[in-house]
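Everything below concerns the one structure shown next.
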Amino acid sequence: PNVKLVTSDNEEFVVDFRIAKMSVTVSRLMEAMNMSETDDASLLSNSIPLPNVTKAVMARVIEWCEKHKNDEPKEEKENDKRGRTTHVVSDWDKEFLKNDEFGRLCQLMGAANYLEIKGLFNDISQTIANMIHGKKSDEIAEMFNIHCDLTEAEKKEIRKKTAWCED
Amino acid sequence: TRNAHDETDEPSTKRPNRGVDFISNLPNDCLVDIFSRLDHNDIDEVALISKRLGGVSEISRSSTGKLESYSLRIAHKIQSELSIVMDRLDLCCTYHLTSKGTFKKVGRSATMGSFRDAQEPTITEAILAVTTLKRLYFNIIDLHSISIDDDFLHFFEHFCTNHPNNSISITSIRFADAALKQRFFSILLEAKFASIKMENMFDNEKLLEIFLKDYSDSVVLAGFSLIERLKEHSRSNLVRVSRSHVAPLNIPYVHTDNEFVMHISRFGEFEHHGLVINTDWLMPAIANRLRLRKKGEWAFNITRDINKDDIIPVLGTDLGMDCRDGKFIIRICKTFARVQFKSGNRVSQHPLEFHATFFYD
């Protein structure tokens, strides 16, 4: 059975029920609208509005879901001994995310967050974290075009607060 | 008053003309998730990028990764002053915590530089420095020569809350009274240390028994090691005679209780040469431990030698047995999980030393 998803720019995507169920948000909406896998009429007569997702981003989300539709449900990974959240981005996912410019990657993350697709969300979050890790503040600001609204005096104060080791 | 033209109060970078700042437009929960995958040093850098990112990164700090490869020694130097020394294991550098609450490098561990120019922190300053300590994951924490009082416990409780899964070694500490000792043990249990090594901590076997039961309940496959250096005159007070065996006078503890032995079976590593376990209860505990499939070693004493008749009843359908050169091996069928163990006489003395090695390839 298929489910109709309608994006913010009024594009209709017809996807397999299993793909639709990968989004917790869509799942909840289908439940609220009494749409069920065994009731074709309910699926045909309804469509799920997704006002926070554009057509271009939705196409990428569906592409990711198609690849992962047969994945075993992953248990929430526990934090490692140092307390850090760890997630290994698979090679396929790395290649997949490489195709997106950074702006699109952020839109995709926003969509994964809104649609509650944990696997995609973790992949993007880890990818961005990996880009930041080990870099200095000015390098990060330059990489992401971030405008610094801190004064030198404020920076000095922050440095003083976070100082923990004198080499 | 601030001078409006003071250059230092101008934003330090101009907004780049090219490109759009997409990351700052992400919702807070996305940013918190990204930052929680960084470590404390990264968060320090993010704090310097912009007010918004800095603010959100602070929220992530509690779930941010700690910096690894450090060991920590905490000792009392003089009354009310603590010596808190950290070794960075990968660079072989030694740092002292100063009274300002920051670490100061004093040299390579091999040469150990001096620490004359900075003050050791008082207990109050050490409590304030917990935020500094919070950034680090310590491979080993060593408490040495400490007189435990209320103030120290206050510091230690703060410290432990931020250091789960570490290993701790406790040597030569003194308690002003029994209540403080009880509180100290409660904090240790609450902290869920991955392994605890102690020296001369228990003058009462009941206390040890309760502690081990609680510890095995709170941490899965924990490591425990207790070294006892008993004074000659105190030994006789500690001996308990088991149901069917007379304990020799040089062994302080005898435990024959099956329930207690099953608690021991939950330890990944266990070493206590003053402990005697009744051989009658041992095999089910070994089988239990083997099924948990983790590498580790056990060392304690048993009341008599182990023979095949002890082993066969616990094998069931999942375990098999080999005997090589007087050493028994029990395996989980169709896996590489196995335990090899032996017991031996110390010249004309009973009970026997027992040693088991668990393998899981």
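The values are calculated or read from the model by the stated rules, or taken from the named source; none is laboratory data. Model, not experiment: these values are computed from the prediction. Quick reminder, even Gly has a Cβ in these numbers, built from the backbone with ideal geometry, and neighbours come from all protein chains shown.
One residue is enough: does the stretch B:316-327 have a residue meeting the conditions of a type in the set (Asp, Glu) and modelled with pLDDT under 85? Yes, the conditions are met somewhere in the stretch B:316-327.
Selection within the stretch B:295-315: residues that are modelled with pLDDT under 90 and basic (Lys, Arg). The member of this set that is surrounded by the fewest Cβ atoms within 10 Å (Cβ to Cβ) is B:Lys308. Looking across the stretch B:190-209, the residues that are of a type in the set (A, V, I, L, M, F, W, C) and surrounded by 16 or more Cβ atoms within 10 Å (Cβ to Cβ) come down to B:Ala191, B:Phe193, B:Ala194, B:Ile196, B:Met198, B:Met201, B:Phe202, B:Leu208.
Against the conditions (1) assigned to a helix (DSSP H, G or I); (2) facing another protein chain (nearest Cβ under 7 Å), A:His147 satisfies every one except (1). Restricting the search to helices (runs of 4 or more DSSP H) fully inside the stretch B:202-266 and requiring at least 3 residues that are modelled with pLDDT of 80 or more gives B:205-218, B:258-264. Of all residues in the stretch B:140-161, exactly one satisfies the criterion of being within 14 Å of the chain's Cα centre (by Cα), modelled with pLDDT of 90 or more and farther than 14 Å from B:Val85 by Cα, namely B:Phe156. For the stretch B:132-151, what are the residues that are outside any strand (DSSP E or B) and surrounded by 15 or more Cβ atoms within 10 Å (Cβ to Cβ)? Once the filter is applied, which keeps residues that are outside any strand (DSSP E or B) and surrounded by 15 or more Cβ atoms within 10 Å (Cβ to Cβ), the stretch B:132-151 yields B:Thr132, B:Leu133, B:Lys134, B:Arg135, B:Asp149, B:Asp151.
Per-residue answers, yes or no, for (1) within 21 Å of the chain's Cα centre (by Cα); (2) among the aromatic types (Phe, Trp, Tyr); (3) at pLDDT 90 or above:
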{"position": "A:Arg84", "(1), (2), (3)": "yes, no, no"}
{"position": "A:Lys98", "(1), (2), (3)": "yes, no, no"}
{"position": "A:Leu108", "(1), (2), (3)": "yes, no, yes"}
{"position": "A:Asn122", "(1), (2), (3)": "yes, no, yes"}
{"position": "A:Glu139", "(1), (2), (3)": "no, no, yes"}
{"position": "A:His147", "(1), (2), (3)": "no, no, yes"}
{"position": "A:Thr162", "(1), (2), (3)": "no, no, no"}
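Residues in the stretch B:52-72 that are under 19 Å from B:Asn165 (Cβ atoms) and surrounded by fewer than 21 Cβ atoms within 10 Å (Cβ to Cβ): 7 in all. Taken as a whole, the structure places B:Ile84 among residues that are within 13 Å of another protein chain (Cβ to nearest Cβ), more than 29 Å from A:Gln126 (Cβ to Cβ) and under 22 Å from the mean Cα position of the chain (by Cα).
If we keep just the residues of the stretch B:22-59 that are touching a strand residue (DSSP E or B) at 6+ places or on another chain (Cβ under 9 Å) and not in a helix (DSSP H, G or I), which is nearest to the other protein chains (Cβ to nearest Cβ)? The residue in question is B:Arg37.
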